[in-house]
Amino acid sequence: MKNDKNIIEVKNLVKHFGGVYAVNDLSLKIPRGEVVSIIGPNGSGKSTLVNLLSGMVEINSGVVILNDAEKLKKIKSYEIQDLSITRTFQEVRLFEQMTVIDNLLVVLTNRSVFGSFFEVHKKYHLEEVERMLQRVGLEAKKNQLAKNLSYGQRKLLEIARALLMKTEIYLFDEPFAGLFHAMIKTVSGIIKDLRKEGKTVILIEHNMDLIRELSDYVFVMDEGSLLAEGEPDSVLKKKSVIEAYLGK
Amino acid sequence: MNIVPQLILNSIIAGSIIAFLAVSFNLIYGATRFFNMAHGTIAIFGGYIAFFFFKTLGWNMYLSAILGILAAGLLGYIFDRIIYLPLRKRKASGMIMLVASIGVFTALQSLIQIFFTSEFQTLSDISVHDRLYTIFGATITQTQIYILIMAFIVAICLIIFLKYTIFGKAVKAISDDEEVAKIVGINTNKIIGLSFFIGSGIAAIGGIAVGFDTGLNPTMGMKLLLHGISAAIIGGVGSVYGAFIGAFVLTFVANFSIFWISGEWQEAVAFVLLIIFLIFRPRGIIKR
């Protein structure tokens, strides 16, 4: 790892659903400002880890340390923006009844509830959203309802929403799944830009070419635990990793 | 007297009162996704608070009405904080929330009975003659004209408010996916609390209107609510605009049914209409 400063450190993290351990005594360190991929076969606990980091499911035991300082035994989903974390979902989750532009404008909501009560969106909000729509290539769809978008467009809108949150940590859960080539190029460009801006990206992905192209570091999970870690080229050649993916 | 103009006017007036309940019910339902069975009784509570200040203490009528609206809004907000919010935090299902709201309805109705008795109470001042107007042979009182105007103003303001303010967009987002709304930084609990305040306050305008039009009774909250819910479903659950339309569709159909069946079946006609919508167009006139 290039960076000694860890933005996230996970220590002995456990999450079980009944008797099934989705994340089992997992410890790892994620350096600041890098693109870190988490790979592993289906059911290895990758999405559960992202759900734990974003407060979508409760931590059973263990601790998440942010910025080498803030120790968290519980993460609430409504607090993650304050922790400078945002995420996308494996199955896209949008505000389906709202237009594309409103899906993004709502992110720019005034944090004061009473402020939101009297405030309408300002011109600079609209300009910011327009710029974001151009960046992901959805400007022509801005007045369509989100539910009427294609699968790929929905993925792009979800990524645009995450970008507008301007956090330090981005958790992208399979952002390339189901995308056409041009869309893949757009999303990989976004991830590269985030790295240039010094943001940390945690990427769950199955496409090994993209992992090699984008990642600074790779963690391999299997059955809720860490199987291997290291730079992409060396990790992806490891026998244990190949066996986990392809079977012995 | 020509009966058709009178039926039209009666339908519009009854529709206006139901509209207060329907639009406010849809506002709260939109934010919380549960059927708040205490909503009608909160409307009546607002009517009784206005009655208390206006009739018991002899305060100014408009001030009393405003106090009734604020008291109902505050009560709705308090119920959310102390009952519904803790249940939401425990991820209670819509059914559990509904049962809790039935408990709130029962307790609140009993409290109103204790403080105001079960007798009919009217907000209209019999010493002051309510002016009558004739339109195409149909009569309407001044109070009813005020109710009608208020219903349109409230519905239009609410629709504009929800469409253009950041608060309105936040309510829509919560309605679509509360968990994601939290993740994108919306303070869902405060927004829902405010929705309860606004929704309960608007319902109270309906309660006060009933107090002026026909008089108040502690048990009439459920009947008002059922009409409000029917109108909301007919118009389109979750849509304020739809609920407003639904209120008038409901009262027009119920009132005009007297051409074919006895007037005492009006209530039944309203609910048959609801059943027809539930079977053939469950998402209502204005689909969300």
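Run through segment B:202-285 and list the chymotrypsin sites (Phe, Trp or Tyr not before Pro) located in a DSSP loop whose Cβ has at most 11 other Cβ atoms within 10 Å.
B:W260
Mind putting a number on the dipole of chain A about its Cα centre? Charges go on the C-beta only, +1 for Lys and Arg and -1 for Asp and Glu, and I need it in Debye to the nearest 20.
Values: 35 positive and 33 negative charges, 50 e Å.
Computed charge dipole of chain A: roughly 240 debye.
Does any residue of segment B:177-211 lose at least 30 Å² of accessible area with all protein chains in place compared with its chain alone, and if so which ones (probe 1.4 Å)?
Residues of segment B:177-211 that lose at least 30 Å² of accessible area once the other chains are added: B:D177, B:E179, B:V180, B:K182, B:I183, B:V184, B:G185, B:I186, B:L194.
I'd like the residues of segment B:150-167 whose 1.4 Å-probe accessible area shrinks by no less than 40 Å² going from the isolated chain to the full set of protein chains.
Correct list: B:I166.
Once the Cβ-Cβ distance between B:D125 and B:R281 is put in as r, and R0 is 51 Å, what FRET efficiency do you end up with, to the nearest 0.05? If you can, show how the numbers build up before the last one.
Working: r = 43 Å, r/R0 = 0.85.
Working from the Cβ atoms, E equals 0.75.
Explain nothing, just compute: Karplus ³J(HN,Hα) = 6.51 cos²θ - 1.76 cosθ + 1.60, θ = phi - 60°, for every residue of segment B:220-235 in order, whole Hz, x for Gly and Pro.
Ordered by residue, 3J(HN,Hα) equals 7, x, 5, 5, 4, 5, 4, 5, x, 5, 4, 4, 5, 5, 4, x Hz.
In whole percent, and with a 1.4 Å probe on the protein chains, what portion of the accessible area of segment B:4-229 is carbon and sulfur?
The nonpolar share, carbon plus sulfur, comes to 70 percent.
Which of A:F17, A:F89, A:F172 ends up with the largest GNM mean-square fluctuation for chain A, with Cα atoms connected below 10 Å?
Among A:F17, A:F89, A:F172, the largest GNM mean-square fluctuation belongs to A:F17.
Length gain on complete extension for the stretch B:Q142 to B:I78, per 0.36 nm per residue less the alpha carbon to alpha carbon distance? Walk me through the intermediate numbers first.
Values: separation 64, 0.36 × 64 = 23.04 nm, distance 3.46 nm.
Separation in residues times 0.36 nm, less the Cα-Cα distance, equals 19.6 nm.
For Cα pairs less than 8 Å apart in space and 6+ apart in sequence, what is the mean separation divided by the residue count of chain B, i.e. the relative contact order in percent? Please list the in-between numbers first.
Working: 500 pairs, mean separation 105.5, N = 288.
Relative contact order of chain B: 37 percent.
Amide H neighbours of A:A228 under 5 Å, counting only residues 5+ apart in sequence or on other chains, H built in-plane at 1.01 Å?
Amide H to amide H, under 5 Å and 5 or more residues apart or across chains, A:A228 pairs with A:V220.
Among A:V106, A:V57, A:V20, what's the order by accessible area (1.4 angstrom probe), most exposed first?
Values: A:V106 0, A:V57 35, A:V20 100 Å².
Descending accessible area places them as A:V20, A:V57, A:V106.
Could you list the trypsin sites (Lys or Arg not before Pro) in segment B:40-141 that lie in coil according to DSSP, counting only those with at most 10 other Cβ atoms within 10 Å of their Cβ?
Here the trypsin sites (Lys or Arg not before Pro) that fit, given the DSSP loop and packing criteria, are B:R90, B:K91, B:R131.
For chain B, what does -39500 (n - 2.57) per DSSP helix run (n ≥ 4), summed and divided by total residues, give at 222 nm, in deg cm²/dmol to the nearest 500? Please list the in-between numbers first.
Details: 12 runs with 204 residues, N = 288.
So the calculated ellipticity at 222 nm is -23500 deg cm²/dmol.
How much area per residue is accessible in the protein assembly as shown when the probe is 1.4 Å and only protein heavy atoms are counted (Å²)? All intermediate terms of the calculation are to be shown ahead of the outcome.
Working: 23580 Å² over 536 residues.
Solvent-accessible surface per residue comes out at 44 Å².
Could you sort the residues of segment A:73-107 by number and keep only those whose accessible area is reduced by 40 Å² or more in the all-protein-chain setting relative to the chain alone, 1.4 Å probe?
At a threshold of 40 Å² (probe 1.4 Å), the residues of segment A:73-107 that become less exposed are A:S77, A:Y78, A:R93, A:F95, A:Q97, A:M98, A:V106.
To the nearest 0.05, how large is the calculated FRET efficiency for A:S61 and B:I102 if R₀ is 35 Å and r is the Cβ-Cβ distance?
Working: r = 39 Å, r/R0 = 1.12.
E(calc), rounded to 0.05, equals 0.35.
Whole-Hz ³J(HN,Hα) for each residue in segment A:69-81, computed from phi via Karplus 6.51 cos²θ - 1.76 cosθ + 1.60 with θ = phi - 60°, x for glycine and proline: what do you get?
Along segment A:69-81, the couplings run 9, 7, 8, 10, 9, 9, 10, 9, 4, 6, 9, 5, 5 Hz.
Of the DSSP beta bridges with both residues in chain A, give the percent that are antiparallel, rounding to the nearest 5.
Working: 22 of 38 bridges.
Antiparallel bridges make up about 60 percent of those DSSP assigns within chain A.
What percent antiparallel are the DSSP beta bridges of the protein assembly as shown, to the nearest 5? Before the final figure, lay out the partial values.
Working: 28 of 44 bridges.
DSSP beta bridges in the protein assembly as shown are roughly 65 percent antiparallel.
Could you please put A:R195, A:R131 in sequence from largest to smallest accessible area, using a 1.4 Å probe?
Values: A:R195 70, A:R131 145 Å².
These residues rank, largest area first, as A:R131, A:R195.
Which loop-located GluC sites (Glu not before Pro) does segment B:107-185 contain, where loop means any DSSP state but H, G, I, E or B and the Cβ has at most 12 other Cβ atoms within 10 Å? List each step's numbers first, then the result.
Working: sites: B:E119, B:E178, B:E179; in loops: B:E119.
Counting only loop positions with at most 12 other Cβ atoms within 10 Å, the GluC sites (Glu not before Pro) in segment B:107-185 are B:E119.
Return the subset of A:K142/B:K91; A:K123/B:K172; A:K73/A:K237 for which the Cα-Cα distance in this structure is over 28 Å, preserving the input order.
Numbers: A:K142/B:K91 34 Å; A:K123/B:K172 21 Å; A:K73/A:K237 35 Å.
Too far apart for the 28 Å limit: A:K142/B:K91; A:K73/A:K237.
Chain pair B, A: how much accessible area is buried, both chains summed, with a 1.4 Å probe, in Å² to 100?
Numbers: alone 13810 and 12370 Å², together 23580 Å².
What B and A bury together is about 2600 Å².
Rounded to a whole number, what % of the accessible area of chain A do carbon and sulfur atoms account for, probe 1.4 Å? All intermediate terms of the calculation are to be shown ahead of the outcome.
Values: 5480 of 11110 Å².
Carbon plus sulfur share of accessible area: 49 percent.
For segment A:206-223, in order, what is each residue's ³J(HN,Hα) by Karplus, 6.51 cos²θ - 1.76 cosθ + 1.60 with θ = phi - 60°, in whole Hz (x at glycine and Pro)?
The phi angles translate into 10, 7, 5, 5, 5, 5, 4, 5, 9, 7, 8, 8, 10, 10, 10, 10, 8, 6 Hz.
Multiply the residue gap between B:S93 and B:V4 by 0.36 nm, knock off their C-alpha separation, and tell me the result in nm, one decimal place.
Values: separation 89, 0.36 × 89 = 32.04 nm, distance 4.60 nm.
Answer, rounded to one decimal: 27.4 nm.
Given A:K74/B:K89; A:K29/B:K89; A:K5/A:K29, which pairs have Cα atoms separated by over 21 Å?
Violating the 21 Å Cα-Cα cut-off are A:K29/B:K89.
The values are calculated or read from the model by the stated rules, or taken from the named source; none is laboratory data. In this text, all values refer to a predicted model and were calculated from it rather than measured experimentally. Backbone-built Cβ (ideal geometry, glycine too); neighbour counts: all protein chains shown. Note: areas computed on protein heavy atoms with side chains; ligands, DNA, RNA excluded. Shrake-Rupley method; radii C 1.70, N 1.55, O 1.52, S 1.80 Å.
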